[in-house]
Amino acid sequence: MTRIRSWTLSPSRPAFVPPPGAVDAHCHVFGPEADFPFSPKAKYHPEDAGPEKLFALRDHLGFARNVIVQASCHGTDNRATLNAIAKSDGRARGVAVVDPAISDDGLDALHEGGIRGVRFNFLKRLVDDAPKDRFLEVARRIDRLGWHVVIYFEADLLDELTPFMDAIPTDIVIDHMGRPDVSHGPDGAEMQAFRTFLRARPHVWTKVSCAERLSKQGPPFDDFVESVAPLVEEFQDRVLWGTDWPHPNMQDAIPDDGALVDLIPRLAPTPALRTKLLVDNPMQLYWPDERQA
């Protein structure tokens with residue numbers, strides 16, 4: 001089977017220098033397939049993008065740490081993510097995807113391996129089944145570990161998923177703001193609906209990432225910046241940012257990671273905002289036992 005590459009082999013070096021201790025709070029690893037085969041249910045089949053490539057990119061872009069989110073191509077087999085965390089010298093934590101039937105011992109083992117959250121994916125093009133009742137059971141069971149729930153959905157599902165999210169007892173992180181339409185500016189209907197949702201729920205965080213997916217204009221992503229910068233300002237203690245490397249399913253429009261990093265000062269125009277976005281907030285969720293200098 002032909003494997004696809006969705007990341008550039010020559011990312012630019014960003015002009016923006018992230019603050020010390022900055023965290024890329026949303027990235028993935030693929031394989032290596034010889035050690036960690038892809039799920040037979042996978043909707044895409046990428047080339048290997050293992051920890052060595054991820055950490056080389058981390059250093060190239062000027063980041064200190066990574067949060068590795070289990071990629072859907074690996075299903076509920078989290079070994080590739082755990083392998084990357086184990087090779088990070090303590091500089092990575094992870095978000096797992098689990099079978100709802102996982103045992104408590106299995107959850108404890110994931111915690112020992114550096115997992116600090118579990119992801120529920122509602123994108124039909126990526127997953128075949130998203131059983132809300134079983135997901136809620138998992139969310140209740142991870143509460144004792146201090147984990148949070150990461151949820152990935154598209155904007156048209158926000159109303160449908162709101163009762164489900166309101167039943168979750170843990171903190172919640174919404175991937176990529178629930179993929180709103182950013183073409184209508186900060187006052188667009190989907191951006192406003194999402195900000196209204198956040199205002200009523202102080203335990204819900206979000207990742208202000210994936211300009212390369214959400215912008216209809218493309219580089220330099222002015223529509224994304226115009227829509228998202230006000231959200232960063234309003235919810236500055238509950239926002240995260242990540243590269244989304246190696247950009248699953250972006251093989252037809254491969255982004256430049258350096259250019260994505262250069263969006264950060266446009267989204268967070270003051271040093272204080274950047275420190276919250278890149279250091280304080282992700283450290284609170286993923287390394288709460290550490291104080292970043």
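The values are calculated or read from the model by the stated rules, or taken from the named source; none is laboratory data. Since we're looking at a predicted model, the values are computed, not measured. Don't worry about glycine lacking a Cβ; one is built from the backbone with ideal geometry, like all the others, and counts go over all protein chains shown. What goes into the accessible areas is simple: the full protein's heavy atoms, side chains included, and nothing from ligands, DNA or RNA. Shrake-Rupley method; radii C 1.70, N 1.55, O 1.52, S 1.80 Å.
Table for the structure above
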item: Relative contact order, percent, region 103-168 [alpha-carbon distance under 8 Å, six or more residues apart]; result: 41 percent
item: Spin-label proximity, Lys132 to region 153-182 - amide N less than 16 Å from point 7 Å beyond Cα toward beta carbon; result: 153-169
item: Unit Cα scatterers, Debye sum, region 184-293: log10 I(q)/I(0) for q = 0.22 Å⁻¹; result: -1.30
item: Euclidean distance of C-alpha centroids, region 92-160 and region 252-293, integer Å; result: 23 Å
item: Percent of alpha-carbon pairs separated by more than 25 Å within the chain; result: 43 percent
item: Additional length obtainable on full extension of the chain from Glu112 to Ala189, 0.36 nm per residue less Cα span; result: 23.5 nm
item: Cβ crowding within 10 Å averaged over residues, with 135-142, 158-165, 25-32 ranked highest first; result: 25-32, 135-142, 158-165
item: Relative intensity, log₁₀ I(q)/I(0), of region 1-110 from a Debye sum that treats every alpha carbon as a point, q = 0.12 Å⁻¹; result: -0.44
item: Point-to-point label distance, Arg140-Gln251, nm (Cα→Cβ direction, 7 Å offset); result: 4.2 nm
item: Relative contact order (%) - criterion: Cα under 8 Å, at least six apart; region: the chain; result: 22 percent
item: Accessible carbon and sulfur surface of the chain relative to its total accessible area, %, 1.4 Å; result: 50 percent
item: Accessible area per residue in Å² at 1.4 Å probe, computed on the chain; result: 41 Å²
item: Quarter of Cα convex hull surface for region 73-144, i.e. mean projection, nm²; result: 5.0 nm²
item: Reachable lysines, given that their alpha-carbon falls under 28 Å from the alpha-carbon of Lys87 and they are not under 8 places away in the same chain; result: Lys41, Lys43, Lys53, Lys207, Lys276
